[in-house]
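Structure first, then comments.
The values are calculated or read from the model by the stated rules, or taken from the named source; none is laboratory data. Remember, predicted model here, so these are calculated numbers, not experimental data. Don't worry about glycine lacking a Cβ; one is built from the backbone with ideal geometry, like all the others, and counts go over all protein chains shown.
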Amino acid sequence: MSLWWTLVDRPTFFPGSLDRRWDVVIVGAGFSGLWSAHHLLNADPSLTIAIVEASGIGSGASGRNGGWMSALYPRSNEALAQHSSPSQIAQLHLQLRNSIDAIGEFVKKENFDCGFSKGGSLVIARHESQLARISRDCDEDTHLLTANETKARINMTGAIGATFTPNCARINPAELVIGLAQSLARRGVSIFEDTPALICPDKSVEVGGKKVDTKIVIRATEAYRQRTREMIPIYSLMVATQPLPQDVFDEIGIAKNETFAEANHLVTYGQRTPDNRLAIGGRGAPYTWGSKRNLSSERHKKIHEHLRTMSTSWFPIVKKFEFTHAWGGAVGITRDWSPFVRFNGSYAELGGYAGDGVTLSYLAALTLTELITDSESERTRLPFVQWQSPKWEIEPLRWLGVNSAIALSGLADWEEQNRSRPSIVAKGLARMMGT
């Protein structure tokens, strides 16, 4: 169980019977499914909507992530430019920024506390190669900080500079899941937990061997979908300390609840939690043959120990305190790292967020609602709309390629640290992965 779920009380839902005619049935009660219901009701409050979930609300990535509500997108602007116009790319980033504020307004309106704090985000360079690379990422929303400016915000060992963007908020994602689900229940959405569903080849939904009567089906299962070559699960793991006294944060900084990461190729991320812990995560757990999800990857002891060691190397003062939580979860990644929102008249699906889904799921669900209701807008022309990624390679090529990419990301970080130049390995890896 993630830290986030240990800090909350799970609600109980009383949805009634599935045996009726529905306007919309959503498979998956994470952020994608819950936001889809939210936006659909905003468009048409009369809709009858059922959400079926094999486990509990937010049991997948929505309740296990790093608690970053960022404006990040998994594909670079250079990659997007191959099929999108500059205005579409600019609009995508604008919509992501606006989505953070929209979620903040939703939380305020519904009057629940998920620790929402829009303190921005820092990406810290600890050697010259990292600094040279992040310097190229600056724009009107992302600013380069000097070593002294960086230290004033975060006292990370060895920091020589950083980038800062105001477009990120910290949250407890489980609290957001709960607040959103309870809001939907009050509005008449029926949420069926512990209800495994099968999406059949004809895109109908079966529960307990019986077809559910509905006009529209939405698949919102992300990395927790039935195994195919369309999307693979990659594991992101986290650790968290005990609650820390204020004098520790006087030493560390992040006084405005900035999220933070080191400028590695192998992804890292961290935040000061609403109850004053450090929660720090990263990638590196191996991909499992055949895209099978398993608990051993979510509980990978070597990666969890690496994260604890990394945390204390960043902030030596943390060595005095206990790490009380360790967990992990899968994120969905398409072959070209492109998210997608697709609708064909009676069947819809959304996902492929590659770990950036806390905000992106809101925007994707809003866009999907506009497609379903035939409401053309600037969102229905965004790069991910009706996007179809190529399929992943067959095994064993997929297993070899993905695990090689994970290893090469670590090698790229070693190369930059030891060769004092941006990584050549990373350039080749980006071409190979299509990012």
Odd one out for residue 152, checked against (1) under 24 Å from the mean Cα position of the chain (by Cα); (2) in a helix (DSSP H, G or I); (3) surrounded by fewer than 17 Cβ atoms within 10 Å (Cβ to Cβ); (4) not charged (D, E, K, R): (1)
Assess whether residue 122 counts as being within 23 Å of the chain's Cα centre (by Cα), loosely packed, with under 15 Cβ neighbours inside 10 Å, of a type in the set (A, V, I, L, M) and at pLDDT 95 or above. no
Of everything in the stretch 36-52, what is more than 16 Å from residue 195 (Cα to Cα) and either touching a Leu at 6+ places or on another chain (Cβ under 7 Å) or of a type in the set (Ser, Thr, Tyr) (or both)? Give them in sequence order. 36, 37, 38, 39, 40, 41, 46, 47, 48
Of the residues 60, 33, which is under 20 Å from residue 369 (Cα atoms) and either in contact with a strand residue (DSSP E or B) (Cβ under 8 Å, 6 or more places away or on another chain) or among the small types (Gly, Ala, Ser) (or both)? 33
Could you grab me the full set of residues in the stretch 369-393 that are loosely packed, with under 13 Cβ neighbours inside 10 Å and under 20 Å from residue 338 (Cβ atoms)? 386, 388, 390
Mind listing just one residue for me: the one in the stretch 373-426 that is of a type in the set (D, E, K, R) and assigned to a helix (DSSP H, G or I) and, of those, modelled with the lowest pLDDT? 419
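Wholly within the stretch 246-365, which helices (runs of 4 or more DSSP H) include no fewer than the required count, namely at least 3 residues that are surrounded by 20 or more Cβ atoms within 10 Å (Cβ to Cβ) and in contact with a Phe, Trp or Tyr (Cβ under 9 Å, 6 or more places away or on another chain)?
Result: 301-314.
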Only one of 117, 59 that is hydroxyl-bearing (Ser, Thr, Tyr) and under 20 Å from residue 329 (Cβ atoms): 59
A careful count of residues in the stretch 202-221 that are more than 28 Å from the chain's Cα centre (by Cα) and part of a loop (DSSP other than H, G, I, E, B) gives 4
Looking only at the stretch 188-201, count how many residues are within 26 Å of the chain's Cα centre (by Cα) and more than 18 Å from residue 21 (Cα to Cα). 3
Filter result for residue 317 (assigned by TED's automatic domain parsing to the domain that holds residue 41 and among the β-branched types (Val, Ile, Thr)): no
Helices (runs of 4 or more DSSP H) enclosed by the stretch 1-85 - at least 3 residues per element that are touching a residue at least 60 places away in the same chain (Cβ under 8 Å) and under 21 Å from residue 259 (Cα atoms): 3-6
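Can you confirm whether residue 267 is out of contact with any Lys or Arg (no Cβ under 6 Å at 6 or more places or on another chain) and of a type in the set (Val, Ile, Thr)?
No; evaluated as a whole, the condition is false for this residue.
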Looking only at residues in the stretch 43-58 that are of a type outside the set (A, V, I, L, M) and surrounded by fewer than 24 Cβ atoms within 10 Å (Cβ to Cβ), which one is nearest to residue 212 (Cα to Cα)? 48
Run residue 223 past the list (1) at pLDDT below 95; (2) surrounded by fewer than 21 Cβ atoms within 10 Å (Cβ to Cβ); (3) among the hydrophobic types (A, V, I, L, M, F, W, C); (4) not assigned by TED's automatic domain parsing to the domain that holds residue 153 and report the number of the one that doesn't hold. (2)
